[in-house]
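Colleague: One structure coming up, written as structure tokens, with questions to follow.
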Amino acid sequence: MFKVGQLSYFAELFRVDQNPELGMRLLYISILLLSILVYKLGFAKKLPLLKSVVIYIFLAIGCSILTLLALRLPVVEGLVVASLVLIIYKVRLYQSKKEGSNA
């Protein structure tokens, strides 16, 4: 089905070529969790419950499309980098606000 070297790192890590059903599920779950993390860290605002549910439903639908792209493109790797950048930003923002309130 896939030749060695054609899959992205995480697709190879989850062994999509050997066990496609489990590998695709693991790939989808990792993309969904990382997308939720990136959304919460970078873009989420206080919304009513129903609007939040609608956003997460569309996020889950979009992640299914990203899962197909993640077989050959570094989608998960990009989400990991985005998560790390946003975590560092939030920590630095928290530290600067903490220092600003103490001064």
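The values are calculated or read from the model by the stated rules, or taken from the named source; none is laboratory data. Bear in mind the structure is a predicted one, so any value in this text is a computation, not a measurement. For neighbour counting, all protein chains shown are included, and Cβ atoms are generated from backbone atoms with ideal geometry for every residue, glycine included. SASA here: full protein model, heavy atoms, side chains in, ligands and nucleic acids out. Shrake-Rupley method; radii C 1.70, N 1.55, O 1.52, S 1.80 Å.
Colleague: Only one of (1) surrounded by 11 or more Cβ atoms within 10 Å (Cβ to Cβ); (2) modelled with pLDDT under 90; (3) not small (Gly, Ala, Ser) is not met by LEU86, so which one is it?
Modeller: Among (1) surrounded by 11 or more Cβ atoms within 10 Å (Cβ to Cβ); (2) modelled with pLDDT under 90; (3) not small (Gly, Ala, Ser), LEU86 violates only (2).
Colleague: Suppose we filter the stretch 69-102 for residues that are more than 14 Å from the chain's Cα centre (by Cα), of a type in the set (A, V, I, L, M, F, W, C) and in a helix (DSSP H, G or I); how many remain?
Modeller: Going through the stretch 69-102 one residue at a time, the tally reaches 3.
Colleague: OK, next. Those residues that are among the aromatic types (Phe, Trp, Tyr) and either assigned to a helix (DSSP H, G or I) or in contact (Cβ under 8 Å) with a residue 12 or more places away in the chain (or both), I need them from the stretch 6-45; list them, please. Show your work before the answer.
Modeller: Just the residues of the stretch 6-45 that are among the aromatic types (Phe, Trp, Tyr), to begin with: 9-10, 14, 28, 39, 43.
Across the stretch 6-45, the qualifying residues are TYR9, PHE10, PHE14, TYR28, TYR39.
Colleague: Same structure again: I'm trying to understand the selection: among the residues of the stretch 25-35, which are open to solvent by less than 50 Å² (accessible area, probe 1.4 Å) and of a type in the set (A, V, I, L, M)?
Modeller: Within the stretch 25-35, the subset open to solvent by less than 50 Å² (accessible area, probe 1.4 Å) is 27, 30-32, 34-35.
Listed by number, the residues that qualify are LEU27, ILE31, LEU32, LEU34.
Colleague: With respect to the numbered conditions (1) touching a residue at least 12 places away in the same chain (Cβ under 8 Å); (2) outside any loop (DSSP other than H, G, I, E, B); (3) open to solvent by less than 40 Å² (accessible area, probe 1.4 Å), which one is the sole condition not fulfilled by SER52?
Modeller: (1)
Colleague: Consider GLU99 carefully, then state whether it is among the charged types (D, E, K, R) and open to solvent by less than 80 Å² (accessible area, probe 1.4 Å).
Modeller: On the way: among the charged types (D, E, K, R): yes; open to solvent by less than 80 Å² (accessible area, probe 1.4 Å): no.
In short, no.
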